[in-house]
Amino acid sequence: MPELPEVEALALDLKGRLDGRAIAKVHVAAFSALKTYDPPLSALEGSFIDDVTRHGKFLDIHVSGLHLVFHLARAGWVRWRDEVPTIPPRPSTKSTLAVRVVLDAPTSETQGPAGLDVTEAGTKKSLAMYVVRSPEDVPGIASLGPDPLTEAFTVETRRGILEREGRKQIKGVLRHQGTIAGIGNAYSDELLHAARMSPFKPANSLDDAEIETLYAAIRDVLGDAVARSRGLAASELKGEKKSHLAVHGRTGEKCPVCGDVVREVSFADSSLQYCATCQTGGKPLADRRMSKLLK
Ligand SMILES: [Zn+2]
């Protein structure tokens, strides 16, 4: 799932490609993706793109006073194409194409127009697209917590958040978009590993030193990921993210810090990874599925 660093880099890459271009047509292949009807999609056609930005994990294409907003969910992605077909794509359950944005006139007679393909792999269709007058009209954006890479996100903001969240587990608090914007399953694993903290630690149990450590880990892990991703094309971002993860998605591999094995706790539709030596005093966390397998 694209999280803050990937969406940030994606916005930057797309800004370079889209700035000053006009949208010729927006084709929707997966109708469940379109969440709004006013203004209509056709309002974008013929209009110029003047910026591409990010709100949490939402990608925002500014189109002459309107906003074409995407939430890529778990398996969504945006692909730049030098040339796209101009005929509307046929809705198909086999295709991963959800939305195609066709740009203005081609640069040469032999070439079709350039465009963007917004795709979603897998069967769980949760990619969302909105056409709005203000980004705040998207409920998920209106309710976003502070962005961890802005100046407004201070140690004090962090402390306040943790106190309000009470006994909730820190892993869940970090991932909740209304609490802090942009962090998902992968980076919450990574920054808890960097902060040497158990994912199940209650939010309000952190002392001052731990709050400082976690705050630094959030800034460092996300800041580094953004710095590495900046300037990469959309097609290179996924590989870049994966190659730098220390524990997330690495069950059974060696922790790069201490060499202990990376362990997993699985849930109904997700899992978390951690290092027991670095994060839980060497004591593995209970995992229902693992203990079932071992019986
Ligand atoms: Zn370790």
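The values are calculated or read from the model by the stated rules, or taken from the named source; none is laboratory data. Not measured: the values here are computed from a predicted model. FYI the Cβ positions are ideal-geometry reconstructions off the backbone, even for glycines, and counts take in every protein chain you see. For accessibility, only protein heavy atoms count, side chains too; no ligands or nucleic acids. Shrake-Rupley method; radii C 1.70, N 1.55, O 1.52, S 1.80 Å.
Estimated at the nearest 10 Å², the accessible area of K35 is 110 Å² with a 1.4 Å probe. Axis angle, to the nearest 10 degrees, between helix 4-18 and the longest C-alpha principal axis of the chain: 20 degrees.
Couplings 3J(HN,Hα) of segment 65-81, computed from phi: x, 9, 10, 9, 10, 10, 10, 7, 6, 7, 10, x, 7, 10, 10, 6, 10 Hz, in residue order, whole Hz [Karplus 6.51 cos²θ - 1.76 cosθ + 1.60, θ = phi - 60°; x for Gly and Pro]. Given 5 Å bins starting at zero, what is the percent of C-alpha pairs of segment 1-107 in each, up to the one with the largest pair distance? For segment 1-107, the pair-distance distribution reads 2, 12, 22, 25, 23, 13, 2, 0. All Cα-Cα distances of segment 49-152, cut into 10 Å bins from zero to the largest, leave 13, 38, 34, 12, 2 percent in each bin in turn.
For segment 61-219, compute Rh as the Kirkwood radius over C-alpha pairs and then the Stokes-Einstein diffusion coefficient at 10 °C and 1.306 mPa s; write the answer in µm²/s, rounded to an integer.
Working: Rh = 18.5 Å.
Roughly 86 µm²/s, to the nearest whole number.
Annotation: amide H-H contacts under 5 Å for K201 (H modelled 1.01 Å from N, sequence separation of 5 or more, or interchain): I170, K171. Among the cysteines of the chain, those with no neighbouring cysteine Cβ under 4.7 Å are C258. Taking Cα atoms only, the orientation of helix 185-194 departs from the longest principal axis of the chain by about 40 degrees.
In the assembled protein chains, H71 presents an accessible area of approximately 50 Å² (probe radius 1.4 Å). Residues in segment 44-61 carry Karplus couplings, in order, of 7, 6, x, 9, 8, 8, 10, 5, 9, 10, 10, 10, x, 9, 8, 9, 10, 9 Hz; the curve used is 6.51 cos²θ - 1.76 cosθ + 1.60 with θ = phi - 60°, and Gly or Pro positions show x.
Charged neighbours of F48, selected by a Cβ distance under 12 Å, balance to -4 (K, R count +1; D, E count -1). Protein heavy-atom accessible surface, 1.4 Å probe, per residue over the chain: 48 Å². For K25, the lysines whose Cα falls under 30 Å of its own Cα, not counting residues fewer than eight places away in the same chain, are K15, K35, K57, K94, K124, K125, K238.
Please report, in cubic angstrom per residue, the volume enclosed by the convex hull of the alpha-carbon atoms of segment 111-183. Could you put the intermediate results ahead of the total?
Details: hull volume 12.5 nm³, N = 73.
With only Cα atoms used, segment 111-183 gives 171 Å³ per residue.
Here the Gaussian network model covers the chain, with springs between Cα atoms less than 10 Å apart; of F58, F200, F267, F267 fluctuates the most.
Across segment 128-135, rounded Karplus estimates of 3J(HN,Hα) from the backbone phi angles (6.51 cos²θ - 1.76 cosθ + 1.60, θ = phi - 60°) give 10, 10, 10, 10, 9, 7, 9, x Hz, Gly and Pro being marked x.
Taking a cut-off of 30 Å, what percent of all Cα-Cα pairs in the chain are separated by more than that? Intermediate values should be presented prior to the final figure.
Details: 16025 of 43365 pairs.
The proportion of pairs with Cα distances above 30 Å equals 37 percent.
Look at the alpha carbon pairs under 8 Å that are at least 6 residues apart: their mean separation over the length of the chain gives a relative contact order of 18 percent.
Taking only C-alpha pairs under 8 Å that are 6+ residues apart, what is the relative contact order of segment 105-238 in percent? Could you put the intermediate results ahead of the total?
Working: 116 pairs, mean separation 27.5, N = 134.
Rounded, it is 21 percent for segment 105-238.
Angle between the Cα long axis of helix 155-164 and the longest principal axis of the chain, 0 to 90 degrees, nearest 10? Rounded to the nearest ten degrees, it is 80. Per-residue ellipticity at 222 nm computed for the chain from its helices equals -8500 deg cm²/dmol, with DSSP H segments shorter than 4 residues left out and the rest contributing -39,500 (n - 2.57).
With viscosity 1.002 mPa s and temperature 20 °C, the Kirkwood radius over alpha carbon pairs of segment 205-295 converts through Stokes-Einstein to a diffusion coefficient of 140 µm²/s. Along each principal axis, taking the top coordinate minus the bottom one, the Cα set of segment 24-72 gives 24, 24, 17 Å in descending order.
Calculate how large, on average over all directions, the projected area of the Cα convex hull of segment 139-295 is; give the answer in nm² to one decimal. Don't skip to the answer; put the middle values down first.
Numbers: hull surface 42.0 nm².
Across all orientations, segment 139-295 yields a mean hull projection of 10.5 nm².
Counting only protein heavy atoms and using a 1.4 Å probe, what share of the accessible area of the chain belongs to carbon plus sulfur, as a whole percent? Each step should come with its number before you reach the end.
Values: 7510 of 14200 Å².
Whole-percent figure for carbon plus sulfur exposure: 53.
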